[in-house]
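So the structure is just underneath, and the comments pick up after that.
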Amino acid sequence: MRKQELIEKYGEPNTPLDGSIEVTPSEARQLLKIHNNKVESGNIDSFVSLKNINKVYPNGVQAVFDFNLDIEAHDFIVLVGPSGCGKSTTLRMIAGLEDITTGYLYIDKVLSNYLQSKDRDISMVFQSYALYPNMTVYDNIAFPLKIRKIYGPKKEYRVIANNEVINLLKTVPSADLEKSIQDSQDRTINFGKQFEYFSTKYDISDRASKIIVRYKFLSQDDIEARKDNIISQLEQENEGFVQELANKGYSLNENCEIVDPNGEVVKQKHRMTKEEIRRKVFNAARILDLGPYLDRRPKELSGGQMQRVALGRAIVRDAKLFLMDEPLSNLDAKLRVQMRSEIVSLHEKIGATSIYVTHDQTEAMTMATKIVVMSKGWVQQIGTPQEVYHNPRNIFVATFIGSPAMNIFDGTYNGGKVIFQDGYTVDLGKEFVEKHDKFFEFKVKDTERILSVINDKSFENALAYLNENIVPVVNDPQAVNEALPALRQILEGSLQEEKDNLIEGVDEIAMLIEQGDNSKYRKGIKHLLRLLAKPNKLNERDIASLHSAMVFGAFNENKEKEAQVLSYGKNKKEIKAKKKSHKVQTYDINELRDLAEKLLAAFNEALKGPHSIKIGVRPEHIHLDDEFTSKNKTKGFEVTTGVVELMGTELLLHAEWNGADVIAKISTGTLVKPHEQVKLTLDKSLIKVFDNNSCETIE
Amino acid sequence: MERNLTLGSFNSLSRSGTQIKDRRRVPVFKIVSFIILFVFCAVWISPFIILFTGAFRSAQDAMTYPGQIIFPHSGYTIEQFEWILAGKIPTVDGKEVQQPSVQTYQFGYWIMNSCFSAIGGTLIYLLVASLAAYAFVFIDFKYRNLIFAICIGSMVIPGAATTIGNLTNIYSWGLNKSILALIIPGLGGIYGMYLIKTFFAGIPKDLVESAKMDGYSDIQIFFKIILPLGKTVLFVQGLFGFMGGWNDLVWPQMLYPGSTEANMKLWTLQVGMAYVVNNSKAADQVGSALAGGVIAVLPVLVVYLIAQNKIIEGMSSAGIKG
């Protein structure tokens, strides 16, 4: 389509495009070009929105799978996970440093996939700080501002400068001024040029301080003598400038902004002036306590100071979104804790929406308003720190969050009772039985639904029907048209998500035939054949749940290795094939079917009687028997202590129990010694029970 | 009996005072190695002594006994320099030493051309090579690795093999009467680009990414961040380029063959020197060749002496061995 037609149809160039309109891919490409890549979507509620983001690297490795996240303004999001889980990749995709393979990223309602990172209005703190070694701290912080163009009123800077000089001469005592002049000539004070001393000291523009330097005042008496003369001279000059503007029909308002003949302030895009930059840098330096270091170079700073310079460089820009990629991992433990609280207080002060990446769960818990726990490219759970800690969705989140990690035991469930390997039994009560049954009933239903989608034969049937009834008569539009309704009916009964798409295709073919367009409908049928030949597809959520069952669950003896091969492609042939295709991974549907069938059987089994489970108890919920009093207290059990670590306010007690290494966190009221018998007890209400097969929490 | 005694006393001495024993031993190895080094130094430095002293001797002293090399009997003079630079031909027994058939030397042009080739060529090459290196390191364009592999592969083709091709090109572009021809083929040099690339690869990518997020373009990043950080390697490569350009003989000689006056004005110092040497075979003319040699070698020597430390620093930071 022509450019002109597109503009007529979808609006003026360079304005944000409405994201809800539907266009063809070729049109979309042209439209994006015309509209400067700006697409807005009214359907997005949140400030930043990631929709089904996938990342496949050019070497075929898929790093991120179906990442979905909505971020509200002023949130502090922390992406946390073990190394290699795709959290940094996700951040770099938001920053625009990596391409997004599939999916959509909206920042402030604008589709940002195709925007360059500089157009996304984000600032980022890198793990290595990325300070420029050749520049001073001041220049480092000012660096982002020097390139920025802001849209603002056009000002008459000559008048402003003169006014500043007049003001200075009138208000500042001449003795004070004389001292400043002497200081500015003092070469030992580290200033680039003489006028810069005045600009900084009196917070005036460079233009004004240059005027002061130009007068070459000798002494206090000299200033007093020439003062009035200079003031009247400058005022005269100002009148001249105003007259100059008036001749063109413009005037000045009280802020020295130029007003056009219609009475409106003239606006233009311009670089920030040096004074504006200086004010912003000084402000950032004040917030971060960097004042004394502004003229140093990065290598003369300590790690914490470098860190703060990097933060300063990020905050001077007043960006919409603030990204931090493991900014504290290069600091020592004490400084890390200090900087952690500094970043939190900075976030409170500035209120910018932030996304923070870390592998340290303590940082995540202490800083976040919302945590995203990731593993192997999949999101495991999104929630507030409290939610993630108290209600972990599966065994991975439970063990990853919390320090020391949650103790996991193998056990058996039998009618509301949790039985450990050695026969130690905890009765979780009737409520839990209800929860348990509900959970498994839901799981059975859900797995049946997944299986039915996998086993759905509708596309196969449709394909067979198409091959039998339509392909032989493809050259006869009338016959094709007669056979189409039946095809539509088959497709309507389908469980696949893509069916709407296909039904639309069938309708379109029917329409084309009615219009008598004989060449196009054949193309449509070919397209249908191709789409129907593809294997059945599951939606992302189902794949995610099957995947976590595959990786963490009981069927994973060899499956974990296979899953890795699936995502990392150790096999040479596989890598080659992936390099060629460079596509988002699709799972082998047969493998998923096997898994789903096994899971279904296991879930059904679980509803019938005793079955094996995993039991999780956090170290802080294991207590000494004689110290803990609660109605939720369980029967005490004896263990022999191994190592005992004194942490200050508490003891970490290691022991062997039920074939697992138990860690208990005990307040130091009672000092436990290593290698002695102690009686421990559990807090019944806080025990987590995980299904052995899907590894999800039963609740 | 006597032997045992000496052996015993020797042992006790070595046990009680090892230092004394060491001091008494003659350091044969050191002496031998110093002698060898001295011989090699003498061999290496004697041409320079002959060059510098010969250049300041008068024409009649041009071939003196070795003993008079440093103290010529008619004293030091600058008449050789006057001859080659100002055209004032020295005389021996009232006769001028140079035949009238020889063209006057154009040392002024030669020095200018050499400076252009060495300094101008190096500066332009540094710009081209560092831009290419920046692209190879920091810009992710299609077929980047393939193009780089081809570049590196082209390094195995010896320079002599491409000379004729370059010459044909220069002639077909009509540049054979221009001094631009001195520097154009050198701009495609890979080695310097590779050197700079290796150094750039050591600069953290975060710096570039961060600047890009702030809104800087590649060319701004290149000039504001990467070039200041790459100063040392650019300096080293600049020095190599300067030496290469200054000392190059084959290429300019092929470009401007024949000692016509027009060609002579395009010669570099090295080509001119070859001509001077060729014309200075008579005993009383040798001094002119030596004086020319001093002019040719001086800039390189001075540059090396000034920049000695920086060269070593730059080489080690760019990871060059040997």
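List of remarks:
- From the list B:Val250, B:Val277, B:Val294, the one residue that fits, being modelled with pLDDT of 85 or more, farther than 28 Å from B:Leu167 by Cβ and in the same structural domain as B:Leu167 (by TED's automatic domain parsing), is B:Val294.
- B:Ala211 over 30 Å from A:Lys320 (Cα atoms) and part of a helix (DSSP H, G or I): no
- Residue within the range A:393-410 that is in a strand (DSSP E or B) and over 33 Å from the mean Cα position of the chain (by Cα) present: yes
- Top-ranked residue in the range A:438-467 [being exposed (fewer than 14 other Cβ atoms within 10 Å of the Cβ) and farther than 23 Å from A:Ile543 by Cβ; ranked as farthest from the chain's Cα centre (by Cα)]: A:Asn467
- Near pairs, Cβ below 6 angstrom, 6+ apart or cross-chain, from the range A:355-366 (within 17 Å of A:Cys85 (Cα to Cα)) to any residue that is in a loop (DSSP other than H, G, I, E, B) and of a type in the set (Ser, Thr, Tyr): A:His359/A:Ser83
- Of residues in the range A:109-129 being touching a strand residue (DSSP E or B) at 6+ places or on another chain (Cβ under 8 Å) and not in a loop (DSSP other than H, G, I, E, B), the one farthest from A:Lys38 (Cα to Cα): A:Val125
- Filter result for A:Val372 (in contact with a strand residue (DSSP E or B) (Cβ under 6 Å, 6 or more places away or on another chain), at pLDDT 90 or above and assigned to a helix (DSSP H, G or I)): no
- B:Asn247 fulfils the conditions (1) within 13 Å of another protein chain (Cβ to nearest Cβ); (2) under 20 Å from the mean Cα position of the chain (by Cα) except for a single criterion, (1).
- When the range A:108-122 is limited to residues that are touching a residue at least 24 places away in the same chain (Cβ under 8 Å) and crowded, with 18+ Cβ neighbours inside 10 Å, the one that is farthest from the other protein chains (Cβ to nearest Cβ) turns out to be A:Lys109.
- On inspection, A:Leu346 fails the criterion of being in a strand (DSSP E or B), under 21 Å from the mean Cα position of the chain (by Cα) and not β-branched (Val, Ile, Thr).
- Filtering the range A:665-692 to residues that are touching a residue at least 60 places away in the same chain (Cβ under 8 Å) and over 28 Å from A:Asp437 (Cα atoms) leaves only A:Lys665.
- With respect to the stated conditions, A:Leu245 fails to be within 30 Å of A:Ile181 (Cβ to Cβ), at pLDDT 80 or above and surrounded by 15 or more Cβ atoms within 10 Å (Cβ to Cβ).
- Some residue of the range B:228-238 being of a type in the set (A, V, I, L, M), touching a residue at least 12 places away in the same chain (Cβ under 8 Å) and within 12 Å of chain A (Cβ to nearest Cβ): yes
- Residue in the range A:291-300 that is buried (at least 19 other Cβ atoms within 10 Å of the Cβ), over 20 Å from A:Leu79 (Cβ atoms), touching a residue at least 60 places away in the same chain (Cβ under 8 Å) and more than 14 Å from every other protein chain (Cβ to nearest Cβ) present: yes
- Inter-residue pairs, beta-carbon under 6 Å, first more than 14 Å from A:Gly86 (Cα to Cα) and surrounded by fewer than 17 Cβ atoms within 10 Å (Cβ to Cβ) and in the range A:53-73, second at pLDDT 90 or above and of a type in the set (Val, Ile, Thr), 6+ apart: A:Ala73/A:Thr353
- The set of residues in the range A:355-367 being within 12 Å of the chain's Cα centre (by Cα) and among the hydrophobic types (A, V, I, L, M, F, W, C) consists of A:Ile355, A:Val357.
- Scope the range A:77-102; condition part of a strand (DSSP E or B) and farther than 23 Å from A:Phe396 by Cβ; matching residues: A:Thr102
- Only residues that are without any contact (Cβ under 8 Å) to a residue 24 or more places away in the chain, within 14 Å of chain A (Cβ to nearest Cβ) and assigned to a helix (DSSP H, G or I) were counted across the range B:149-208, and they come to 2.
- Exactly one residue out of A:Val125, A:Val172 is more than 11 Å from chain B (Cβ to nearest Cβ) and either touching a Phe, Trp or Tyr at 6+ places or on another chain (Cβ under 9 Å) or free of Cβ contacts under 8 Å to residues at least 12 places away in the same chain (or both): that is A:Val172.
- Per-region count, the range A:322-342, residues crowded, with 23+ Cβ neighbours inside 10 Å and aliphatic (A, V, I, L, M): 3
- Any hit, the range B:275-289, residues being touching a Leu at 6+ places or on another chain (Cβ under 7 Å), on the phi < 0 side of the Ramachandran plot and either of a type in the set (D, E, K, R) or assigned to a helix (DSSP H, G or I) (or both): no
- Flag for A:Ile141 being at pLDDT 80 or above, touching a helix residue (DSSP H, G or I) at 6+ places or on another chain (Cβ under 7 Å) and either over 30 Å from A:Ala314 (Cβ atoms) or within 14 Å of chain B (Cβ to nearest Cβ) (or both): yes
- Cβ-Cβ contacts under 8 Å between residues 6 or more apart (or on different chains), taken from a first residue in the range A:492-510 that is touching a residue at least 40 places away in the same chain (Cβ under 8 Å) to a second residue that is of a type in the set (Asp, Glu), are listed as A:Leu495/A:Asp456; A:Gln496/A:Asp456; A:Lys499/A:Glu492.
The values are calculated or read from the model by the stated rules, or taken from the named source; none is laboratory data. Keep in mind that what you see is a predicted model, and the values were worked out from it rather than measured. Virtual Cβ from ideal backbone geometry, glycine too; neighbours counted across all protein chains shown.
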